[in-house]
Amino acid sequence: MTAKNFSTEIRRATLRCLHSQGSGHVGGSLSVADALAVLYTHHMDVDPQNPKRPQRDMLVLSKGHAGPAWYATLALKGFFPMDWLDTLNKIGTKLPSHANLTLTPGVDMTAGSLGQGLSCACGLALGLKAQGDTSHFVYVITGDGELQEGQNWEGAMFASHHKLDNVVVLVDNNKLQIDGETQNVCKMEDLEAKFRAFGFETTRVDGHDHQALHQAICNAKVRNGVPHCIVMDTVKGKGVSIYEQMGASNHSTTVNDEQYALALSELQ
Amino acid sequence: MELRKAYVAEMARLMKQNDKIFILDADLSGAGGTKTLYQQFPERCVQCGIAEANMTCIAAGLSASGFVPFIHSFAPFSTRRVYDQIAVSISYSEQNVKIVGFDPGIETTYNGGTHMCFEDFALMRALPNFVVMDIVDDVQLTKALPHIAQHQGSVYFRMVRKQNKQFFGEDYNFQWGKADKICSGSDVTIVATGTTVFDAKVAVEKLAQVGISAELLAIHTVKPLDEQAILQSAQKTGIVVTVENHSVHGGLYSAVCELLSAKHPTLCGAIAVHDQISQVGSLNDLKIAYHLTADDIASKAQQLVQAKRG
Ligand SMILES: Cc1ncc(C[n+]2csc(CCOP(=O)(O)OP(=O)(O)O)c2C)c(N)n1
């Protein structure tokens, strides 16, 4: 499957997952669907039959509330049956609203308390190096609002100081957080410049352009002694008009029968 | 009324009276309800972004300049996420900061394990210069807030943002630091805090049906504890059961046992979370999973009463 078709399947399955619960983190799940599609189509060296295989690429979804999009991706890749998607947030589920490494096959790190993912990724990346694994990478997806947490910048400083060129940060720069536009809540200025100041090599791409994103990730995988950051310009709620139009209130919202049907009709 | 609505209504009134009060948020002003205060008091409402540690120390600085900041987030992020900031810049520095923890324990439901804080009483009780409270309903919150604002010292209080069931009548007489006796009984004392009082009250009725007379004390202030009320009741009934939406370690059960063991050793059972990992689910399913239902409370009380009667 091409990344393009895959991203549509991811969005459909994400909404199936959220619809089973009737509501959830819609906007931020839809905005990362293309990044997940490109990563799992072209880059992630993982084995659905053996998700904890030591020699593998790893993903940390630091904005853990986008769990449903990750679960959709992993189910479509065969890590677990599709009908698990209908158990979101039900007691005893393996798919909690925020990603949890102890519960879900294919999830490499727990997240949900924002701002911890990059540091955890540094640990995973150090671990790879300590095991002499020079061919795998740790990808981290953060929100743009999430980058307000100072710990991200501790992680960034560390990654660069320790030459963690096996870390690739992907910022889901959808310019929205819960209380409104990131720019109005607490402005982040030029994210590329910030990461560069912390020693990263950076690029900025349209986060819904699969070709551009794929190319950016290929470039980021050049091992040149520095960590890489890709700022992805995205749209929160991407792919479903009713959610795109909602703005910041699509962060956590309903997926009722009507909204679900409408979304599926658009996601062809 | 939803607690978050009652909260902003009363805060608006207090902010008009007292121009020292500040509101600080970390990207949850819409979720917590304070957003509506930003228009009315633009100079004293401060959005900090998703940066709770920063917000906590900004509050400490405001307090050191003579202001009375109220800071808000989900219970785990307003306490454990920023514990050293609270310990050093607020507690140790003897500042006057009011910390609000939304949706404690199982009340966080579908946000799940990462947001499910069973430790906040334990953490906050351990710090000097802190009053620790657990709010039940809009009536109690509205009556408690003027005291919280006035108190010279820091206060941590938890509240469930969308809780809209009323427990207390409009004639409720809130007393700072004092337990509320909901009903008198002679066989067992049930001491409950926060939203667990609803199920504790149901448990009292269930116990009555099996011939057990339970006394119910509702505790809004876990620290300092209303020692007199608890001791008096324990002396009368000889058996205590505590009920809390919190870990059995360091919360209400610990506070009550610390008191009883020193001043009136009494058999004491706990309805609390027993070292179980947090998880996602509906409120009802979580109550069952963590054994926090009215039936759990009643059977624990019954078991202890029967053991004593022999
Ligand atoms: C430490 C912490 N503080 C607050 C929250 C509540 N929260 C969940 S998502 C979110 C907004 C995230 O915004 P952003 O990072 O831009 O993500 P996106 O817009 O892509 O969903 C907030 C404040 C949290 N999960 N963790």
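What the table below lists for this structure:
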{"read-out": "Residues that are in contact with a strand residue (DSSP E or B) (Cβ under 7 Å, 6 or more places away or on another chain) and in contact (Cβ under 8 Å) with a residue 60 or more places away in the chain, drawn from segment A:58-87", "value": "A:M58, A:L59, A:V60, A:L61, A:S62, A:K63"}
{"read-out": "For B:V280: the one exception among (1) away from chain A (no Cβ under 14 Å); (2) crowded, with 22+ Cβ neighbours inside 10 Å", "value": "(1)"}
{"read-out": "All positions within segment A:189-234 that are more than 19 Å from the chain's Cα centre (by Cα) and either closer than 30 Å to B:Y38 by Cα or touching a residue at least 60 places away in the same chain (Cβ under 8 Å) (or both)", "value": "A:E189, A:D190, A:K194, A:R223, A:G225, A:V226"}
{"read-out": "Near pairs, Cβ below 9 angstrom, 6+ apart or cross-chain, from segment A:238-257 (assigned to a helix (DSSP H, G or I)) to any residue that is among the basic types (K, R) and within 15 Å of the ligand (Cβ to nearest atom)", "value": "A:Y243/A:K236; A:E244/A:K236; A:E244/A:K238; A:M246/A:K236; A:G247/A:K236; A:A248/A:K236; A:N250/A:K236"}
{"read-out": "Contacts under 6 angstrom Cβ, first residue in segment B:62-78 being within 10 Å of B:G32 (Cβ to Cβ), partner near the ligand (Cβ under 9 Å from one of its atoms) and not in a loop (DSSP other than H, G, I, E, B), 6 or more apart", "value": "B:S73/B:E52; B:F74/B:H115"}
{"read-out": "Close pairs (8 angstrom Cβ cut-off, 6 or more residues apart or separate chains): assigned to a helix (DSSP H, G or I) in segment B:241-256, hydroxyl-bearing (S, T, Y) anywhere", "value": "B:L252/B:T193; B:L252/B:T242; B:Y253/B:T242; B:V256/B:T242"}
{"read-out": "Residues within segment B:209-233 that are loosely packed, with under 15 Cβ neighbours inside 10 Å and over 22 Å from the mean Cα position of the chain (by Cα), tallied", "value": "3"}
{"read-out": "Of the criteria (1) closer than 22 Å to B:M133 by Cβ; (2) free of Cβ contacts under 8 Å to residues at least 12 places away in the same chain, which one B:G310 fails", "value": "(1)"}
{"read-out": "Members of segment B:95-140 that are in a helix (DSSP H, G or I), within 16 Å of the ligand (Cβ to nearest atom) and among the charged types (D, E, K, R)", "value": "B:E107, B:D120"}
{"read-out": "Check on B:E244, touching a helix residue (DSSP H, G or I) at 6+ places or on another chain (Cβ under 7 Å) and not hydrophobic (A, V, I, L, M, F, W, C)", "value": "yes"}
{"read-out": "Top-ranked residue in segment A:206-228 [being closer than 17 Å to A:K175 by Cβ and buried (at least 16 other Cβ atoms within 10 Å of the Cβ); ranked as farthest from the ligand (Cβ to nearest atom)]", "value": "A:H208"}
{"read-out": "B:K236, sole failed condition from (1) surrounded by 24 or more Cβ atoms within 10 Å (Cβ to Cβ); (2) part of a helix (DSSP H, G or I)", "value": "(1)"}
{"read-out": "Hits in segment A:27-77 (condition: assigned to a helix (DSSP H, G or I) and over 21 Å from A:R12 (Cα atoms))", "value": "A:H43"}
{"read-out": "Only one of A:S265, A:S241, A:S252 that is more than 24 Å from A:G180 (Cα to Cα) and of a type in the set (G, A, S)", "value": "A:S265"}
{"read-out": "Single residue of segment A:104-116 satisfying the filter (more than 14 Å from chain B (Cβ to nearest Cβ) and surrounded by fewer than 23 Cβ atoms within 10 Å (Cβ to Cβ)) that is farthest from A:L88 (Cα to Cα)", "value": "A:D108"}
{"read-out": "Sole residue being in a strand (DSSP E or B), assigned by TED's automatic domain parsing to the domain that holds B:V131, buried (at least 21 other Cβ atoms within 10 Å of the Cβ) and hydrophobic (A, V, I, L, M, F, W, C), chosen from B:I90, B:I71", "value": "B:I71"}
{"read-out": "Residue in segment B:26-36 that is nearest to the other protein chains (Cβ to nearest Cβ), counting only those that are surrounded by 18 or more Cβ atoms within 10 Å (Cβ to Cβ) and polar (S, T, N, Q)", "value": "B:S29"}
{"read-out": "Tally of residues being within 16 Å of the ligand (Cβ to nearest atom) and of a type outside the set (V, I, T) across segment A:167-205", "value": "19"}
{"read-out": "Any hit, segment B:37-46, residues being at pLDDT 95 or above, in a strand (DSSP E or B) and either within 11 Å of chain A (Cβ to nearest Cβ) or farther than 17 Å from B:K143 by Cβ (or both)", "value": "yes"}
{"read-out": "Failed condition for A:N89, given (1) buried (at least 24 other Cβ atoms within 10 Å of the Cβ); (2) closer than 30 Å to A:D206 by Cα", "value": "(2)"}
{"read-out": "Condition broken by A:P68, with the remaining ones in (1) within 14 Å of chain B (Cβ to nearest Cβ); (2) more than 16 Å from the ligand (Cβ to nearest atom) satisfied", "value": "(2)"}
{"read-out": "Those residues of segment B:74-87 which are of a type in the set (A, V, I, L, M, F, W, C), part of a helix (DSSP H, G or I) and within 13 Å of the ligand (Cβ to nearest atom), in sequence order", "value": "B:A75, B:F77, B:V82"}
{"read-out": "Segments classed as helices (runs of 4 or more DSSP H), wholly inside segment A:117-201, with at least 3 members that are at negative phi and more than 11 Å from every other protein chain (Cβ to nearest Cβ)", "value": "A:117-130, A:151-161, A:191-197"}
{"read-out": "Any strands (runs of 3 or more DSSP E) falling wholly within segment B:147-226 and containing at least 2 residues that are out of contact with any Leu (no Cβ under 7 Å at 6 or more places or on another chain)", "value": "B:154-159, B:214-219, B:221-223"}
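The values are calculated or read from the model by the stated rules, or taken from the named source; none is laboratory data. The structure presented is a predicted model; accordingly, all values stated were derived computationally and were not measured. In this analysis, Cβ positions are derived from the backbone assuming ideal geometry, glycine residues included, and neighbour counts consider all displayed protein chains.
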